[in-house]
Structure formats: C-alpha cells, structure tokens
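What follows is calculated from the coordinates using simple rules that are stated; it is not laboratory data. None of the values given here were measured: they were computed from a predicted structure. Note that we place each Cβ from the backbone using ideal geometry, even for glycine, and neighbour counts take in every protein chain shown.
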Amino acid sequence: MSVNLELKPDWARIGFPEADDAIIFADFHYFWLRHNCLCLQGCRHSTTKERLIDASVVPLDIRPLHAAVELDNGIEPAVTFYWPPIATKDDKGELALPEEEKHISVFPLAWLRSNAYGVNRAETHELPPHDVNLVTIDYQEFVNNYSEQANGNSGSNKLTSKGEASYKAALYHRLSKYGVAVIRNRGKDTEEIISDFIDPSADVIPTHFGRIEHLRTGNTENTNNDQLGYTNSAVRLHTDLCYAEEVPGFQFLHCIQPADSGGENYFVHAESAANYLKTEISRRAYELLTTVNVTFDRKQSNFQARLVQPILRLSDTPDATTNERRLEQVRYSYFTHGPQVSVPFSELREWYEAQQVWDKLLYRDDFQIKADLREGDVVIYDNRKVLHARNGFSGARHMAGVYLKAHDLWSHLGQAKDNTQ
C-alpha cells in the first residue's frame with residue numbers, strides 16, 4: 001500500500017491509496033492530531049479507551065519533532081508522529097509536564113481515512129517568501145558587467161543603456177513577484193537613486209514630513225518629526241500612512257549610515273500572509289479583518305489625519321475565476337490605531353482574538369524577510385502589500401525615505417523590462 005506523507009508548517013498532508021471513497025489525500029492540523037492521540041499512556045484510558053486529554057491543553061501552534069509512515073504492530077500501515085511533551089491536567093485539574101522526552105502518536109491509516117476532514121483541498125496557500133536572497137540585487141555586479149568603465153572608459157561607473165535595462169528588469173521581476181527588493185552597493189546619492197524607479201518627468205510623493213524623510217535621531221530636516229521613525233526605538237510591522245485615503249504605492253529606504261548595533265529591517269509579504277491566514281489558519285479571523293472597520297488616527301503636535309477602514313481591504317467585485325473578492329490593500333499600523341469602538345461589546349473579544357492570530361503569524365520567522373542594510377544599500381517595497389519594520393538600535397543610524405506612485409514605478413520599470421526582450 002502506497003502512503004504519502006508531507007509535513008507542512010501547520011498541518012500534515014497524507015496521501016491515501018486509491019479506494020471507492022474518492023479520497024486522494026487529506027490535510028490534518030497538528031493540534032488536531034495531537035488532541036486525537038490514540039495512545040493509552042495518558043491520552044486514552046487504559047481500560048475504557050475514553051479520551052483523557054483535554055483540548056484546552058494542546059498548543060494551537062504545536063508541531064511534531066518528526067513523523068514517518070510505519071506499520072502498526074508490524075501489520076497495518078500507520079502514520080507515527082513524535083511530539084514534544086506538553087503539560088496535561090493531573091487528577092486535581094492542575095497542569096503538569098509529563099516525564100517524557102517525546103510523545104508518540106500512532107494513527108492507523110484506516111482510522112485517519114475514516115476521520116479525514118481536510119479532504120482533497122483545492123484552495124491552499126504556501127508561506128510568504130522569507131529568503132532575503134530571493135529579493136537581493138547587487139548593483140556592483142551590474143557596474144562590473146555593464147558600466148562605461150567596463151567598456152574601456154576608466155573614469156565612469158555609469159551603466160550603459162543595456163546595463164540599465166538589465167538592472168531595472170531585475171527590479172521589475174522582484175517587485176512584481178515578491179513586492180520587495182534589496183539593492184546592495186547602490187551608492188550615496190538619494191536623488192540619483194530616485195531615477196532608478198521613476199522617469200525624470202515624474203516626482204516623488206511629498207508628505208507632511210517633507211519631500212524626503214531623514215529617519216534618524218536628532219532630525220532637523222523634516223517637519224512633524226515627533227514620531228517613532230525619528231527615534232532609536234523599534235518600530236514593529238506596519239504599512240505607512242494608513243490614515244491617508246490614497247496611500248503611496250511604494251517606498252524606498254536608502255541607508256546613509258547604519259547603526260552601531262541593531263536597526264535591522266524586516267518585511268512580510270502581507271498579501272501572502274493574509275491568504276495563508278484565510279485558508280490555513282482561520283477563515284473567521286480573515287473575515288473579521290476584512291469587514292470590521294478600524295480608526296487610523298495620526299495625531300502629532302502640528303498634524304492630525306483620521307481614516308476608518310478595515311485592516312484588509314477587498315475588491316468591490318468578486319474574481320471571475322474564484323468568485324471571491326481579491327485582497328487589494330493592507331492597512332496595518334499599531335501606532336496610529338485609534339480606540340476600537342465600532343464593534344458591539346459582546347463581539348469585541350472575538351475581533352481582538354482575530355487581530356492577535358494575524359499578528360502572531362506575521363512575527364513567525366518563516367514569514368519574514370530580514371535585511372541588515374549597510375551604507376549605500378537600498379530597499380524598496382510595495383506599501384499596499386508589504387509590511388516593514390526595524391529593530392531598535394544604538395548609534396547614529398540614518399535612512400532616507402522616499403514615497404513613489406505605483407503607476408510611475410511600474411511604467412518606468414516596465415519600459416526597461418521591455419527593452420531587454
């Protein structure tokens with residue numbers, strides 16, 4: 001009998017041999033498997049076989065140490081899971097950690113088949129991209145291969161037209177696929193870097209902070225600098241300008257000077273994270289985040305703006321293929337999140353739980369792209385689909401921040417991409 005086992009981050013997929021019930025495979029949450037352990041060593045009564053383990057003690061984020069397809073008692077095929085120990089309730093109802101290095105659950109294949117619930121699932125989503133190498137471009141490599149200096153002009157590092165088109169095509173590819181690009185060794189001139197992303201006829205988006213933000217302590221260049229970005233505090237995952245009706249499509253950060261320690265940037269492809277939430281973790285949480293309005297309130301000494309929107313904004317009309325409304329924008333900003341007063345008293349806890357499930361996902365290591373920017377490096381990201389953050393730091397860290405219109409960027413990079421074909 002052929003049995004396939006795939007261990008996913010949050011669930012296991014078990015492929016069954018062909019039978020009349022049309023079950024090809026089924027997906028099982030790890031917490032469900034651990035709760036339904038059939039063993040007589042603490043999970044079931046040794047005589048009555050009744051359940052002893054309480055669902056409330058099973059961590060919802062539990063994962064097996066490993067698992068394998070084996071023969072139960074050397075006869076019937078089964079899937080064996082090896083778990084880390086979890087605290088269970090003793091005879092007094094108090095939690096106690098058992099004296100075991102690991103817990104073993106053996107599920108006969110027939111039992112799994114008769115209790116299958118995630119059968120032949122069509123709609124699934126993989127983890128968001130989280131390998132920084134996927135989104136990284138080394139500008140110096142283009143200089144080495146395509147500059148006028150490489151072609152014999154020893155006094156210039158300017159890219160040839162072919163080199164510029166290849167570089168911008170690489171940007172187009174990463175931004176269209178991942179929503180973020182990290183550019184190493186780009187240089188020191190922020191104004192020059194702007195031309196990487198938009199035509200000379202276009203311009204950046206000025207905000208109430210100014211045309212270019214200089215994110216550093218002791219900032220004197222920008223107005224309305226009473227905000228976290230101008231301190232050395234950590235800034236958790238967010239999108240920018242959630243309180244604006246029309247948010248900038250893209251932002252880039254240019255590293256003028258890295259911190260003495262700390263200050264690393266990290267990013268999450270929020271569109272992928274939201275889709276993962278919907279199909280793999282909690283559709284109910286997804287529905288609440290797409291329907292319940294949040295007040296975003298930016299209140300500073302000389303500026304205030306408010307907007308009421310859901311965290312996840314869907315398209316007005318369903319997709320013709322899936323018949324579901326597509327995610328169009330993520331607005332997420334804890335530091336401009338006003339008091340939640342739009343939810344009835346009896347439903348407020350449920351909404352907070354949904355937000356906490358979402359936030360916990362975003363801070364998983366396997367959701368995040370982490371980038372330690374050095375002097376001359378640039379990171380650019382989709383401000384509607386990608387969350388960004390930084391760690392706290394010490395020293396004179398200086399980043400220049402610039403907002404761009406999505407249309408201007410795609411038009412500019414698209415022309416370069418077409419020139420390489």
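Okay, here's what the table says:
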quantity	calculated
Estimated inter-spin distance, Asn133 and Asn145, nm [label 7 Å along Cα→Cβ]	1.7
Span per principal axis, largest first, for the Cα atoms of the range 372-421 (Å)	45, 23, 15
Over the chain: Rg over Rh, Cα atoms, Kirkwood Rh	1.05
Linear extension gain, Val3 paired with Tyr352, 0.36 nm per residue minus alpha-carbon span	121.6 nm
Distance between modelled label sites at Tyr334 and Ile24, nm, 7 Å Cα→Cβ extension	4.2
Euclidean distance of C-alpha centroids, the range 99-138 and the range 295-330, integer Å	31
Residues Thr321 and Thr291, FRET efficiency given R0 of 30 Å [Cβ-Cβ distance, rounded to 0.05]	0.85
For the range 1-137: rounded, prolate or oblate by the Cα gyration tensor [a/c cutoff 1.5]	oblate
Helix-derived mean residue ellipticity, 222 nm - over the chain, DSSP H n ≥ 4, -39500 (n - 2.57), to 500	-6500 deg cm²/dmol
Approximate shape of the range 57-120 as ellipsoid semi-axes (Cα gyration tensor, √5λ), whole Å, largest first	26, 15, 12
Inter-part distance where the range 46-79 and the range 372-421 are each reduced to a Cα centre, Å	47
Angle in degrees between helix 406-419 and the longest Cα principal axis of the chain, rounded to the nearest 10	80
Principal axis dimensions, largest first and in whole angstrom, of the range 143-230 by Cα	49, 33, 26
Crossing angle, helix 345-362 versus the chain [Cα axis fit, 0-90 degrees, rounded to tens]	70
Normalised alpha carbon radius of gyration of the range 258-344 [divisor 2.2 N^0.38 Å]	1.35
Degrees between helix 161-178 axis and first principal axis of the chain (Cα, 0 to 90, nearest 10)	30
